[in-house]
Amino acid sequence: MNEQQNVTKSNIYNVILYLGGLVLFLEWLYPIEQVTDTSSIAVFVIYTIFCFFISLLQLKWWASFLLKGFGLLFILNGLYFDMTFLSREWLNYFLLEFTMNANIFISQDWYYLSPLFRSFLFLLLIWLMSYLLHYWFVQMKRIFLFIFLTFVYITVLDTFTLYDAKFAIIRIFIISLVSLAITNFNRDLEREKISLDRIKQKTKWILPIMLTLVFSVLLGLVAPKLDPQWPDPVPFLEGAAEQVGGSGSGTIQKVGYGEDDSQLGGSFIQDDTPVFHAETDQDQYWRIETKEIYTGKGWESSADHDYIKQQDGEIHLDMYHGNVETEESTALIEFQEGQNLKKLVYPYGVKKFMAPMPKPDLFLDQITESIEARENGETLRLGFYQLAYDRTSYSLTALREDPGNDEEEMAEYLHLPDTLPSRVAELAEEITAGYESRYEKTRAIERYFSSHDFTYQTTGVAVPGEDDDYVDQFLFETQVGYCDNFSTSMVVLLRTLDIPARWVKGFTGGEIIGEGNRDNYHIYEVTNSNAHSWVEVYFPESGWVSFEPTQGFSNLTEFHADQANTDTEDFDAYDDVLDAPETELPETERELEEEETTPAMASPSNHNFSLAWWQCGLIVLVALLIFFVLYKYRFNIKTKLLAMKLNRNQSQEAFQEAYLHLLTVLDHEGNERKNDQTLREYAKRVDAHYGTGEMRMLTAYYERMLYRNEFNPKEMNKLKTTWKKLLKTIMG
């Protein structure tokens, strides 16, 4: 009897031990959402629990194989198929997909594996891990290696990614300690033939042990902690990656303003830490400095700094000329604690600086146009100051008619390295062929980046190797990057056409977080993620004019037409995109189009079956699971239905329904529209969040259709493609 009780007790401990293995394995899954592009891991967590439960039951191998295999196929069906599950068409498509990806897998072209096959491999890995952990934890009772690997995995992610593993470490520590204790106790129970009476005596120690464990964890949380005793290894490893990585993307930085731009490229991680608040009456870019010497790898200044003291707070920046319309305005800048910069951030047209007494001296660098506040020769990090500036509006007529004969006096803004590949200049000539004026050529190059296969992306961005040119690599090889890639490339392309241009650094306008103390004034919060670079082009009759080539960002410079009854400036940026010539769709969009027209995916087949009682029960179970999957992926399904409707019915009603569905999806994803936000403000916030420009384009067209009753069916194909691309970005 005692022996039977010992076996029962051992089985209970085995179950607890295996559940500990399940919890530890789930810790490997939780970070996936933050460190990859996976939008939701819920389906993988459910399949993991399902596989571990089947392994725990210790069924016959063939029964376990069938159940886990059925679960795997059922999940793939819910994720990627729109046809009858396990029908002839379903099986044919699955076999075709599997054969195609198997060939790709064998040829080691990993990048081209389809999402379906990637999910299949990941689910298969979960399946195998359920067997492996049962073998390690229950049969062999050798769990230390997996615990050690789990600690290493989590700590590496915590160090090198945005994943916060503080509570994960605590969970792993508790589960590991309990699992190791049960392993040792269970091993003694089996080897030493301990009687049930002795086990009951030992259970008296369980409560004190658990209390000790809880007390130790709480003490570790609340106790004061020493500062790190070892230097942070991340900067060293990143520096080594930058030196060794060559043209790869090994260097990873945190986004924010920095002064050293001699080596551009590499990935960065987002940082939404607030830098300053600005109270002003309109959204605008905040300048810090400009640089004019492009080296082939980055930017440098042409000479040492030349700071000139500004008298009585007056700031003398020759940024625009007399024919530019201006309107006086002010801005209050308040830096957040610990975020003060050594240089002032200021808007275009700044002309006066005001600060609390005692008022510091102000110095303007004639080379970079950066501004410093000093006291007794020491640079100050101001926490608060006020600026007076002129809002500028440039005449489109004056810009188009500007002769631009200034090559000699603006030579420093035409400098290019001798190593610049000739195909960069050839591309600039090709882009601007047929355009005459400086303004038209500049706009053509600015539009080029949004009408071709360039991708805004902050990760996987190449670093030019020793023999690579930063701009040439971006234009002709990678076509993937962020603001530095786009802005630098535009400046270099313009300079090959003898158009003076310079590279500007600062911050975008940020997000409205409240109302100001004056009418029509708002408080904008600017974070490290708003750090940005853009382009300024010189026009002799107007001055320096800013342009924005980066995808997902809008040029905030105001332009006006001299002719009467012209009301195009509100939609100028969007009209340029809509009127641009048709270009070949990127690969991802071509795949989306093909999915809509694939006959096998379009119409599910209907079959009649003669079902037994157990089959009916299985169908009920599957129906419940399908209901869950349909509910979870209802937005994906409706998106495809609306896409089909837009294909059949290119009407105002169809586009309006599609746009309202887009708003619903954004609200579901946690990007709800605030009550006091206009559609344009909301669209701008959405584009800033996802790093795109599609929401503003769709919103502009929606407003024109709604308020002006403008509708052109010929534009629907382009709008539909933009709509689908944005939804794909939102829903992952």
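The values are calculated or read from the model by the stated rules, or taken from the named source; none is laboratory data. Note that the coordinates shown come from a computational prediction; the quantities given were computed from them, not determined experimentally. All Cβ positions, even for glycine, are placed from backbone atoms using ideal geometry, and neighbour counts span all protein chains on display. These area figures cover heavy atoms from the full protein model, side chains too; ligands, DNA and RNA do not enter into them. Shrake-Rupley method; radii C 1.70, N 1.55, O 1.52, S 1.80 Å.
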Is there any pair with a first residue in region 91-108 that is within 20 Å of I75 (Cβ to Cβ) and a second that is in a helix (DSSP H, G or I) and open to solvent by 90 Å² or more (accessible area, probe 1.4 Å) whose Cβ atoms are under 9 Å apart and which are 6 or more apart or on different chains, and what are they? N101/Y112; N101/R118
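Could you please give the count of residues in region 338-354 that are in a loop (DSSP other than H, G, I, E, B) and in contact (Cβ under 8 Å) with a residue 12 or more places away in the chain?
Step one: list which residues in region 338-354 are in a loop (DSSP other than H, G, I, E, B), which gives 338-345, 347-349.
So of that shortlist, the ones also in contact (Cβ under 8 Å) with a residue 12 or more places away in the chain come out as 339-345, 347-349.
Here the count works out to 10.
Which of the residues belonging to region 352-388 are among the hydroxyl-bearing types (S, T, Y), within 22 Å of Q336 (Cβ to Cβ) and open to solvent by less than 50 Å² (accessible area, probe 1.4 Å)?
Those that are among the hydroxyl-bearing types (S, T, Y), within 22 Å of Q336 (Cβ to Cβ) and open to solvent by less than 50 Å² (accessible area, probe 1.4 Å): S370, Y385.
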Among the residues of region 434-477, count how many are outside any loop (DSSP other than H, G, I, E, B), within 22 Å of T295 (Cβ to Cβ) and open to solvent by less than 50 Å² (accessible area, probe 1.4 Å). 7
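Which one is least open to solvent (accessible area, probe 1.4 Å), of the residues in region 398-433 that are without any contact (Cβ under 8 Å) to a residue 24 or more places away in the chain and in a loop (DSSP other than H, G, I, E, B)? Break it down stepwise before answering.
Initial filter on region 398-433 (without any contact (Cβ under 8 Å) to a residue 24 or more places away in the chain): 408-409, 411, 418, 422, 426, 430, 433.
In the following step, the residues that additionally are in a loop (DSSP other than H, G, I, E, B) were identified as 408-409, 418, 433.
Values: E408: 171, E409: 123, D418: 159, A433: 70 Å².
Out of the qualifying residues, it is A433.
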Among D519, D484, the single one that is touching a Leu at 6+ places or on another chain (Cβ under 6 Å) and either open to solvent by 10 Å² or more (accessible area, probe 1.4 Å) or under 22 Å from V424 (Cβ atoms) (or both) is D484
Could you check, for region 159-182, whether at least one of its residues is in contact with a Lys or Arg (Cβ under 7 Å, 6 or more places away or on another chain), closer than 18 Å to V15 by Cα and either open to solvent by less than 20 Å² (accessible area, probe 1.4 Å) or modelled with pLDDT under 85 (or both)? no
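Yes or no: I49 open to solvent by 30 Å² or more (accessible area, probe 1.4 Å), within 23 Å of K632 (Cα to Cα) and assigned to a helix (DSSP H, G or I)? Give the derivation first.
Numbers: open to solvent by 30 Å² or more (accessible area, probe 1.4 Å): yes; within 23 Å of K632 (Cα to Cα): yes; assigned to a helix (DSSP H, G or I): yes.
Criteria met by I49.
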Taking region 692-730 and keeping residues among the charged types (D, E, K, R), more than 16 Å from N671 (Cβ to Cβ) and in contact with a helix residue (DSSP H, G or I) (Cβ under 9 Å, 6 or more places away or on another chain) leaves E703, R704, E710, E715, K718, K720, K724, K725
Considering only residues of region 675-732 that are assigned to a loop (DSSP other than H, G, I, E, B), within 14 Å of L663 (Cα to Cα) and open to solvent by 30 Å² or more (accessible area, probe 1.4 Å), which is modelled with the highest pLDDT? T678
Candidate set from region 629-639 (those that are modelled with pLDDT under 80 and charged (D, E, K, R)); member that is surrounded by the most Cβ atoms within 10 Å (Cβ to Cβ): K632
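Among the residues of region 109-165, which ones are among the aromatic types (F, W, Y) and outside any helix (DSSP H, G or I)? Before you say what the answer is, go through the steps one by one.
Taking region 109-165 and keeping what is among the aromatic types (F, W, Y), we get 110-112, 117, 120, 122, 127, 131, 135-137, 144, 146, 148, 151, 153, 160, 163.
Passing the criteria: only Y163.
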Anything in region 653-674 that is exposed (fewer than 14 other Cβ atoms within 10 Å of the Cβ) and assigned to a helix (DSSP H, G or I)? List them, or say none. E653, Q656, L660, T664, D667, H668
Considering region 228-285, residues that are within 16 Å of V463 (Cα to Cα) and modelled with pLDDT of 80 or more, and then whichever is most open to solvent (accessible area, probe 1.4 Å), we arrive at Q263
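What residue, of T368, T392, is under 27 Å from E314 (Cβ atoms), touching a His at 6+ places or on another chain (Cβ under 8 Å) and either in contact (Cβ under 8 Å) with a residue 24 or more places away in the chain or among the aliphatic types (A, V, I, L, M) (or both)? Spell out how you get there, then give the answer.
On the way: T392 fails: touching a His at 6+ places or on another chain (Cβ under 8 Å).
The conditions single out T368.
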